[in-house]
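Have a look at the structure below before the remarks.
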Amino acid sequence: MSRKFWHDFWIVLFIALVLIGIFSGRGMVIGLASMGLLVAGIAWLWNKLALEELDYIRVIPQNRVFRGEKVHLRIEISNRKPIPLPRLDIDDDIPDSLKIEGADVGYSPNPNSTRMRHSTSISWYEKTRWDYRISGSERGYFRIGPATLTSGDIFGLFQNVRQDKSRDYLLVYPNVVDLPSIGLPEARPLGDTEGGIRMFQDPSRPSGIRDYQRGDPMKTIDWKATAKMGDLKVRTFEPSSSQTIVLLVAVETTLRFWEGYSSVNLERVITAAASVASYVSEKRYSLGMFSNGTPILADRPMKIPPTGSEEQLTIILEALATIRPLPMGSMPVNLSENIGKFPIGATLVITAALITDEFVEVIRRLLQSGHKIVILYVADGNCPAMPEGVTLYEIGQYFQRMEMSGEFATG
């Protein structure tokens, strides 16, 4: 406001002096006032063009990292016009969970952000760059930017401000630890049979029809054959030797959503799930995931179908990195709606910090459906009693030990 006032004041003054010089016939006054107007005109045009053809670029060659891992960040500014800039100020918003070594970082009015600042001058057709190392202190999907560029004319009379709306991101994966570090046995932590391979029928490989036997899943009944022969018939399938693991990630940490959430327990749940995913991927088992959490870029619970592809671990780690703290409905309700949709014979690994009586009942139903159930209970204290046949690991104390030693962030 003050700057604009003085700009307008001097322009009005120069115009007034020109008029006074004309009416009074004083050539020197006219000359000085005209020079002042000429300078103001040049300054105005300079300022108008200052931020034209000026490119601001962030370069992050590797935008997916683990917590604490440092990667290269390059900032480039390129002036593609024949007009130099005597001063250029750049303010770039950076999430406060990201750390940039060597950068001038200060206060930002935006929440959960800091501001990286650069002040420089740049000649015509010149390119300037700064190189840093950037790292993330906690998991998540972090947007970098927008940046605000401020410059002006060579005389300092005018100021031009432009917001560069381009944004980059850094995705920080959740912690991955060895399963023995969180209390699981080194040998067959998921209860694998000898050799790490478990046999079960593969529905994609039908082999024939037989009489119905008590306990056969309803989904295997062949209704056409039943109607033709008059007795219940079920389809049979060839066995598969591919172990299928589905992670069931329950993100609720409090009984009622209005009570908020426990960031400590949430990070434990996600770390346990990421660690199991890494183990399963190393064993080359088929891996899938189901969660009542929602990633940042979606508004529904996550369902990742099982597959043995090499990219599956990356997909699951990215999903776990972006899980938000509040669930999309309770895990028992979500599981009840999908109880018949998990692959036949799959091992279901549940990572949870809160297990209610309703949850226990759903676990019993999953067990009766022929699934093997493994529970990683990450909260402090004891887990509620589980049905017979469920493999339970109470691992809260192991996480507590790791947190006290500062081995990973707890949110």
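Only Cα pairs under 8 Å and 6+ residues apart enter the sum, and on that basis the relative contact order of the range 54-173 stands at 33 percent. Put simply, when 166-172, 245-251 are sorted by average Cβ atoms within 10 angstrom per residue, most first, you get 245-251, 166-172.
Proximity of backbone amide H atoms, modeled 1.01 Å from N, is registered between residue 248 and 290, 349, 350, 351 at under 5 Å, excluding neighbours fewer than 5 places apart on the same chain. As a rough guide to protection, the peptides 47-56, 383-392 ranked by mean Cβ packing within 10 Å, highest first, stand as 47-56, 383-392.
Quote the Stokes-Einstein diffusion coefficient, in whole µm² s⁻¹, for the range 54-173, based on the Kirkwood radius over alpha carbon pairs, a temperature of 25 °C and a viscosity of 0.890 mPa s. Rounded to a whole number, D works out at 163 µm²/s.
Once the convex hull of the C-alpha atoms of the range 318-369 is built, how many Å³ does it hold per residue, rounded to a whole number?
103
Using r as the Cβ-Cβ distance of residue 101 and residue 161, and R0 as 35 Å, what FRET efficiency do you calculate, to the nearest 0.05? The value I calculate is 0.80.
Computed over the range 277-404, the quotient of the alpha carbon radius of gyration and 2.2 N^0.38 Å is 1.06.
Taken together, the values in this text are just the output of simple stated rules run on the coordinates, not laboratory data. Computed from a predicted structure; not experimentally measured. Ideal geometry is used to build each Cβ from the backbone, glycine not excepted, and the neighbour counts take in all protein chains shown.
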